[in-house]
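The values are calculated or read from the model by the stated rules, or taken from the named source; none is laboratory data. Worth saying up front: this structure is predicted, and the values here are computed from it rather than measured. Ideal geometry is used to build each Cβ from the backbone, glycine not excepted, and the neighbour counts take in all protein chains shown. The area values use the complete protein model at the heavy-atom level, side chains included, leaving out ligands, DNA and RNA. Shrake-Rupley method; radii C 1.70, N 1.55, O 1.52, S 1.80 Å.
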Amino acid sequence: MADGGEKIRLKMLHEEIDLFDRKLAHLMKYDVFPSETERNAAARKLNLKREALVAKAKALTDEGTEFKPNDLPRSFRPKDARVEAGHEEPVEAKVAAPAASPTGEKRSVRRSSSAFAGAGFNWQQSVKDYMEKKGKE
């Protein structure tokens, strides 16, 4: 049986693993890189750090350190279950949210410029019109 210090250490490791999961998801979804090779290199770097934390957490659980299911990182939880605050058992999710895939997902460097495209104001067309007008003078 592990002491309270080990429980706290395991909880902190789980929190840090969850942080790395979020960092990886953000990197793959929002960060802009000059090439896919550089994106994949950055993802590998974060993933190596995450894997080291996972190994430490696994070693602690193998030694018998207890933890609450709601302390687990989201990536360790079953996909069809979620944990509500104050509950120690996973609760079935009514709608499963799609999980962010930190690896294998390809994204282009160019991003869509506006969430409002076609909604009345098209800034790209406005810039083209301005450039044409400016060129005629």
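Scanning region 62-78 for residues that are under 22 Å from LEU24 (Cβ atoms), in contact (Cβ under 8 Å) with a residue 40 or more places away in the chain and not hydrophobic (A, V, I, L, M, F, W, C) gives ASP71, PRO73, ARG74, SER75. A residue that is more than 15 Å from the chain's Cα centre (by Cα), within 28 Å of LEU60 (Cβ to Cβ) and touching a residue at least 60 places away in the same chain (Cβ under 8 Å) cannot be found anywhere in region 12-25.
So if I check each of LYS49, LYS58, LYS29, LYS45, which one is out of contact with any helix residue (DSSP H, G or I) (no Cβ under 9 Å at 6 or more places or on another chain), at pLDDT 90 or above and closer than 26 Å to GLY5 by Cα?
Values: LYS49 fails: out of contact with any helix residue (DSSP H, G or I) (no Cβ under 9 Å at 6 or more places or on another chain); LYS29 fails: closer than 26 Å to GLY5 by Cα; LYS45 fails: closer than 26 Å to GLY5 by Cα.
Going through LYS49, LYS58, LYS29, LYS45 in turn, the sole match is LYS58.
The set of residues in region 20-50 that are open to solvent by less than 90 Å² (accessible area, probe 1.4 Å), farther than 21 Å from ARG74 by Cα and among the polar types (S, T, N, Q) comprises SER35, ASN40.
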